[in-house]
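Some notes on the structure that comes next.
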Amino acid sequence: MKTRELKAFLKKKGIFVDDCFDTDSLIQRAAATEEDWGSSSERSKADSVSKSADVSNAAKDRPPEANEIQKAWDRLCEAWPGESPRVLGPHDADKTVIMLHGFGDENAQFLSDTFQPLLNTQGLRLILPQAPKETLQGQQLQSWFLPMNGQWIIDDQVVQPVAAYLHAMVRREIALGVPAHRIIIGGFAQGAGCAVRAALSFPDAPLGGAIALSGFFGAPEVVSSLAAMPWGYLLSEIQTCHLEWTSGMEFCSTLHKLIHDSGIAPSNRRLPVLICHGKTDEVVPFDEGARMATLLGKKDSQMPVVFKEYDMKHGIASDEMMSILEFVDQRMSEVPAEPLAFDPANLAPDPEPQTPSTQTQLEEEAGVPTMDPQLTLQLLNDQEIADAATDPEGMAVIQDVIMDPSNLELHKQNPRVSKLVAKLEQILTKGGAGAA
């Protein structure tokens, strides 16, 4: 019986299961209430109503944004082709580790058994997402993505569905009261590359870190440029959202999110990454782990990447687990200097009021677009600009100018974009923004 079917069955029996997210927790709930079935059905229903009311009251106590995130997560769980994630640890956790299993690890049992020592960390919740089952090698096996032409090829496009699922999971954890800097995403083997890419591309706030165990990163191209996004899609999204914007800053924040919605997000350019690999790994070659460390180290010199090697085959050694525990403990104990960027649970205290000059300086340091929203819309609606955006170099220039109009000066000496620069300067001059 699948998780959803078991959940529906227990609900019909009057058992409260809304706080159960995997098969194990459902079975435990059923065992705990089995003796009450039949003889105390009315009492069970009353308890269910009471607990449902408690959950309802708890939902009322949460900020509106947190409730909306929970609703979005519930909808996504219904659509996700895999089983519900296994959730181990306390309900009132203030730390979360999300670990993606390897290929064919049924019910993430290997990770569940191996990561038991992690649950000794006070207030830590371990979430083990479940990959969809695919027909491979003549049998139904759990896999985060499918091979192409007989090869396991992974890139940002392949990982996109998994990354979107994990991003929703992270947002829900934050809405439940876990700060983003205390959330780590990791994975083993096939799940390692998916986990690292998902963590790097999380746009809302800096995460605590990423862990890759005996894994491979795949294609080296990590798309972090606006050039990867179709111009028409970007324009339609901006025009659609503009009807709901209430301020220029909201416009800038939305544009910033659209620009950096894939690849390495600005908020996670300094993401700490732990990479572990066995020297004699017979499934995923050791060179793949070393290559991942090299690639991530080159992507951004500010990204702290730690690569550790072990005398073992494909698996997780005891000394490797000690390194993981040390990494998790270190990351969970650090407190960010910046206020929480994404805080639907209202965990951070209200910031000190900023003067206009200080606010502008903070926005520039945070990489928020400084161009006037109306001027940005005018720019995006111009056909010549749209044509220039089909060229990656042209798109890079447009992105720089949207982020800060004064950046136009940096491109005036480049003959390949001279026409685009002239057009941008014309629009900025008419709009009163200026390029200097």
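Take the conditions of a type outside the set (S, T, Y) and out of contact with any Lys or Arg (no Cβ under 9 Å at 6 or more places or on another chain) and apply them to A79. Does it pass? First the steps, then the outcome.
Details: of a type outside the set (S, T, Y): yes; out of contact with any Lys or Arg (no Cβ under 9 Å at 6 or more places or on another chain): yes.
Judged against the criteria, A79 is a match.
Collect the residues in region 190-206 that are among the aliphatic types (A, V, I, L, M) and either open to solvent by 10 Å² or more (accessible area, probe 1.4 Å) or not assigned by the TED database to the domain that holds Q142 (or both), keeping them in residue-number order. Full working, then the answer.
Just the residues of region 190-206 that are among the aliphatic types (A, V, I, L, M), to begin with: 192, 195-196, 198-200, 205.
Passing the criteria: none in range.
Pairs, please: C-beta under 7 Å, at least 6 apart or cross-chain, first residue under 16 Å from S267 (Cβ atoms) and in region 164-176, second of a type in the set (G, A, S) and surrounded by fewer than 23 Cβ atoms within 10 Å (Cβ to Cβ)?
Note: pairs meeting the criteria are I174/A345.
What strands (runs of 3 or more DSSP E), lying completely within region 94-152, carry at least 2 residues that are surrounded by fewer than 22 Cβ atoms within 10 Å (Cβ to Cβ) and modelled with pLDDT under 85? If you could, list the steps in order and put the result at the bottom.
Details: elements: 95-100, 124-128, 133-136, 139-142.
Ranges flagged: 133-136.
Based on what the data block shows, is M395 surrounded by 12 or more Cβ atoms within 10 Å (Cβ to Cβ), out of contact with any strand residue (DSSP E or B) (no Cβ under 6 Å at 6 or more places or on another chain) and at pLDDT 75 or above?
Details: surrounded by 12 or more Cβ atoms within 10 Å (Cβ to Cβ): yes; out of contact with any strand residue (DSSP E or B) (no Cβ under 6 Å at 6 or more places or on another chain): yes; at pLDDT 75 or above: yes.
Yes.
Criterion first (without any contact (Cβ under 8 Å) to a residue 40 or more places away in the chain and of a type outside the set (D, E)) does T135 satisfy it? Full working, then the answer.
Details: without any contact (Cβ under 8 Å) to a residue 40 or more places away in the chain: yes; of a type outside the set (D, E): yes.
Yes, satisfied.
Out of the residues in region 301-313 that are assigned to a loop (DSSP other than H, G, I, E, B) and buried (at least 17 other Cβ atoms within 10 Å of the Cβ), which is modelled with the lowest pLDDT? Break it down stepwise before answering.
Applying the first criterion (assigned to a loop (DSSP other than H, G, I, E, B)) to region 301-313 yields 301-304, 311-313.
From what's left, buried (at least 17 other Cβ atoms within 10 Å of the Cβ): 303, 312.
Numbers: M303: 78, M312: 94.
Among those residues, the one meeting the criterion is M303.
Could you run through region 176-188 and say how many residues are more than 13 Å from the chain's Cα centre (by Cα) and open to solvent by less than 10 Å² (accessible area, probe 1.4 Å)?
Going through region 176-188 one residue at a time, the tally reaches 2.
Which of the residues that make up region 406-436 are modelled with pLDDT under 85 and either buried (at least 18 other Cβ atoms within 10 Å of the Cβ) or part of a loop (DSSP other than H, G, I, E, B) (or both)?
H411, Q413, N414, G432, A433, G434, A435, A436
Does region 165-197 hold any residues that are under 16 Å from G209 (Cβ atoms) and not in a helix (DSSP H, G or I), and which are they?
V178, P179, I183, I184, I185, G186, G187, F188
Looking at this structure, is I184 closer than 21 Å to P85 by Cβ, modelled with pLDDT of 95 or more and in the same structural domain as F327 (by the TED database)? Quick ask: steps written out before the conclusion?
On the way: closer than 21 Å to P85 by Cβ: yes; modelled with pLDDT of 95 or more: yes; in the same structural domain as F327 (by the TED database): yes.
Taking the combined requirement at face value, the residue satisfies it.
In region 314-332, what residues are closer than 19 Å to I98 by Cα, open to solvent by less than 80 Å² (accessible area, probe 1.4 Å) and either at pLDDT below 60 or over 21 Å from the mean Cα position of the chain (by Cα) (or both)? It would help to see each step written out before you state the result.
Start the filter on region 314-332 by keeping residues that are closer than 19 Å to I98 by Cα, which leaves 315-316, 320-332.
Restricting the remaining residues to those that are open to solvent by less than 80 Å² (accessible area, probe 1.4 Å) gives 315-316, 320-321, 323-325, 327-328, 331-332.
Once the filter is applied, which keeps residues that are closer than 19 Å to I98 by Cα, open to solvent by less than 80 Å² (accessible area, probe 1.4 Å) and either at pLDDT below 60 or over 21 Å from the mean Cα position of the chain (by Cα) (or both), region 314-332 yields G315, I316, E320, M321, S323, L325.
The values are calculated or read from the model by the stated rules, or taken from the named source; none is laboratory data. Source: prediction; values computed, not measured. In this analysis, Cβ positions are derived from the backbone assuming ideal geometry, glycine residues included, and neighbour counts consider all displayed protein chains. Heavy atoms of the whole protein, side chains included, go into the accessibility calculation; ligands, DNA and RNA do not. Shrake-Rupley method; radii C 1.70, N 1.55, O 1.52, S 1.80 Å.
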